[in-house]
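The values are calculated or read from the model by the stated rules, or taken from the named source; none is laboratory data. All of these numbers come straight from a predicted model, not from anything done at the bench. Counting neighbours? That spans all protein chains shown, and the Cβs are built from the backbone with ideal geometry, glycine included. Remember, those area values only see protein heavy atoms, side chains included, never the ligands or the DNA or RNA. Shrake-Rupley method; radii C 1.70, N 1.55, O 1.52, S 1.80 Å.
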Amino acid sequence: MESIKVALLGTGVAGGGTFRVLARNQEEITRRAGRGIEISVVGARDPERARTVVGGKVRIESDLLLAATDPAVEIVVELIGGQERARELVLAAIAAGKHVVTANKALLANHGNEIFAAAQAQGVMVAFEAAVAGGIPIIKALREGLSGNRIEWIAGIINGTSNFILSEMREKGLPFAAALAAAKDRGYAEADPSFDIEGIDAAHKLSILSAIAFGIPMQFQKVYTEGITGLTAQDLRYAEELGYRIKLLGIARRNPAGIEMRVHPTLIPKRRLIANVEGVMNAVLVSGDAVGATLYYGAGAGAEPTASAVVADLVDVTRLHTADPENRVPHLAFQPDSLAATPILPMSEVETSYYLRLKVADQPGVLADITRILADRSISIEAFLQKEPNAGDAQVDIVLLTHKTQEKNVDAAIASIEALATVLGQATRIRLEALS
Ligand code: HSE
């Protein structure tokens, strides 16, 4: 059978890796897909640079729109990143009847609903395994492997850069700024590192996972997002002393009133496997009603891990190309006319446990005032840690772990605690999940 023709847009890290993996594993991939997968045109803004990546044989087109709509091509692989240009190219490819494979999480989080609707109308596929957790086949696990389950919750380390920063801070006692510099030195951080450290990249990925897990539209704007910039090495150390590790988690949970979608630093018990995921690695825990908790671990970024996911999508699309469009796996795993309008819960309604660190005057009655404020809001204390003051110091750090309560109760308690004359500065609040 004739090879299926592919346009590759972008020859950066992911594009170069995809080209290389397809070439290296050509024979194996052909055996799996049932026919060859051939990159027949490469779209690149800088053709000279692209030539050094893809060699002398393949056609390079500097007009990416021409490559995306090339009549000979059946699949367009979008690996240019960014949003506006990528959106135009993907929509143009779909309008021209091409299937699309993309690794672009920001594009899908912001424009996914529009793109999937266009693809549905055209009867083409949009595959995006590489958009979440790089080489880990988490999209496939949710869409297919776990499709017999009612998904209960997901908790993932889905931004490698911030996980690397937290590992450096914990292992080497580095302050945040030094750990960020180390991430930049190694080329981990995104071009705009705020996407990594402010939790935006993780929120993009969480909105994609939530849509697939719960059968809801993409709703990135409703993800509560808090990054790691406020964390100190001291908080990581105190958490450790209490038996916890702090990770930037993306959490999506179904509860009776709606769906929680949140990204924030989270204390998790050290004994959980996911607490021991270090450096740039990613891991996603998925709990389904039938299977229980399952854990997926691997490289969340990098040329070949990303290529692994892109090429898997190419194989999938190639296999399904001839199938009746009505019988393909739907883009968001659920049939488009049965997406649910379940509300996304505001953060104030979310119920979880908390780590609170306070700097207080070392004098009688301080603790009594604080515990009274917590008790008045029915917030129960699970653990307590008081550090000895440094010699001559009249201030001490205290750390409290609470039982579960609603976020709005903790907001109110923190406001009252910070108003006490004996409490110095702002309270540090980090959420805690048992993940059991
Ligand atoms: N900046 C991302 C990360 C790359 O650190 O995980 C993969 O999306």
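Looking only at residues of the stretch 384-434 that are modelled with pLDDT of 95 or more and among the small types (Gly, Ala, Ser), we find that the one that is nearest to the chain's Cα centre (by Cα) is Ala427. Only one of the numbered conditions (1) assigned to a helix (DSSP H, G or I); (2) without any contact (Cβ under 8 Å) to a residue 24 or more places away in the chain is not met by Leu295, and that is (1).
Going through Leu249, Leu236, Leu231 one at a time, which residue ends up being assigned to a loop (DSSP other than H, G, I, E, B), open to solvent by less than 40 Å² (accessible area, probe 1.4 Å), outside the structural domain of Gly82 (by TED's automatic domain parsing) and at pLDDT 95 or above?
Leu231
Selection of the stretch 124-168 for residues being assigned to a strand (DSSP E or B) and under 13 Å from the mean Cα position of the chain (by Cα) yields Ile154, Ala155, Gly156, Ile157.
All of Ala155, Ala181, Ala189 fail the test of being open to solvent by 10 Å² or more (accessible area, probe 1.4 Å), away from the ligand (no atom under 14 Å from the Cβ) and of a type in the set (A, V, I, L, M), apart from Ala181. Evaluated against (1) in a strand (DSSP E or B); (2) modelled with pLDDT of 95 or more; (3) farther than 30 Å from Ala257 by Cβ, Asp369 falls short on exactly one condition, (1). Might you let me know whether the stretch 63-75 holds any residue that is touching a residue at least 12 places away in the same chain (Cβ under 8 Å), touching a Gly at 6+ places or on another chain (Cβ under 6 Å) and under 30 Å from Ile200 (Cα atoms)? Yes, there is a match, as at least one residue in the stretch 63-75 is touching a residue at least 12 places away in the same chain (Cβ under 8 Å), touching a Gly at 6+ places or on another chain (Cβ under 6 Å) and under 30 Å from Ile200 (Cα atoms).
For first residues located in the stretch 128-149 and under 21 Å from Ile115 (Cβ atoms) and among the β-branched types (Val, Ile, Thr), partners that are within 16 Å of the ligand (Cβ to nearest atom) and modelled with pLDDT under 95 and lie 6+ apart or on another chain with Cβ distances below 7 Å do not occur.
For the stretch 310-317, state whether one or more residues are assigned by TED's automatic domain parsing to the domain that holds Asn104, away from the ligand (no atom under 16 Å from the Cβ) and of a type in the set (Gly, Ala, Ser). Scanning the stretch 310-317, I find at least one residue that is assigned by TED's automatic domain parsing to the domain that holds Asn104, away from the ligand (no atom under 16 Å from the Cβ) and of a type in the set (Gly, Ala, Ser), so the answer is yes.
Yes/no per residue for (1) within 27 Å of Arg150 (Cβ to Cβ); (2) surrounded by fewer than 16 Cβ atoms within 10 Å (Cβ to Cβ); (3) within 16 Å of the ligand (Cβ to nearest atom):
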position: Gly288; (1), (2), (3): yes, no, no
position: Gly292; (1), (2), (3): yes, yes, no
position: Gly302; (1), (2), (3): no, no, yes
position: Pro330; (1), (2), (3): yes, no, no
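Just so you know, in the stretch 390-404 the residues that are free of Cβ contacts under 8 Å to residues at least 40 places away in the same chain and not charged (D, E, K, R) include one that is surrounded by the most Cβ atoms within 10 Å (Cβ to Cβ), and it is Val396. Taking every residue in the stretch 171-194 that is touching a residue at least 12 places away in the same chain (Cβ under 8 Å) and pairing it with any residue that is open to solvent by 40 Å² or more (accessible area, probe 1.4 Å) and more than 11 Å from the ligand (Cβ to nearest atom), at least 6 positions away or on another chain, the pairs with Cβ-Cβ distances below 7 Å are Phe176/Thr229; Pro193/Lys184.
Which ones in the stretch 175-219 are assigned to a loop (DSSP other than H, G, I, E, B) and closer than 15 Å to Glu278 by Cα?
So the first thing to find is which residues in the stretch 175-219 are assigned to a loop (DSSP other than H, G, I, E, B), and the list is 175, 186-193, 198-199, 215-219.
Correct list: Tyr188 only.
Restricting attention to the stretch 330-346, the residues that are in contact (Cβ under 8 Å) with a residue 24 or more places away in the chain, within 19 Å of Lys140 (Cα to Cα) and over 22 Å from the mean Cα position of the chain (by Cα) total 1. Counted as qualifying within the stretch 14-109 are the strands (runs of 3 or more DSSP E) with 2 or more residues that are open to solvent by 10 Å² or more (accessible area, probe 1.4 Å), namely 37-43, 59-61. With respect to Glu129, determine if the residue is within 16 Å of the ligand (Cβ to nearest atom), of a type in the set (Asp, Glu) and more than 17 Å from Gly288 (Cβ to Cβ). Here the answer is yes, as Glu129 does meet what is asked. Annotation note: Cβ proximity below 8 Å between a residue of the stretch 407-436 that is more than 18 Å from Thr232 (Cβ to Cβ) and a residue that is in a strand (DSSP E or B) and charged (D, E, K, R) (sequence gap 6+ or interchain) occurs for Glu407/Glu351; Val410/Arg429.
For the stretch 219-226, the criterion of being open to solvent by less than 40 Å² (accessible area, probe 1.4 Å), touching a residue at least 12 places away in the same chain (Cβ under 8 Å), more than 16 Å from the ligand (Cβ to nearest atom) and farther than 22 Å from Val291 by Cα is satisfied by at least one residue. Filtered by the rule that a residue be without any contact (Cβ under 8 Å) to a residue 24 or more places away in the chain and surrounded by 12 or more Cβ atoms within 10 Å (Cβ to Cβ), the stretch 347-371 gives a lone residue, Thr371.
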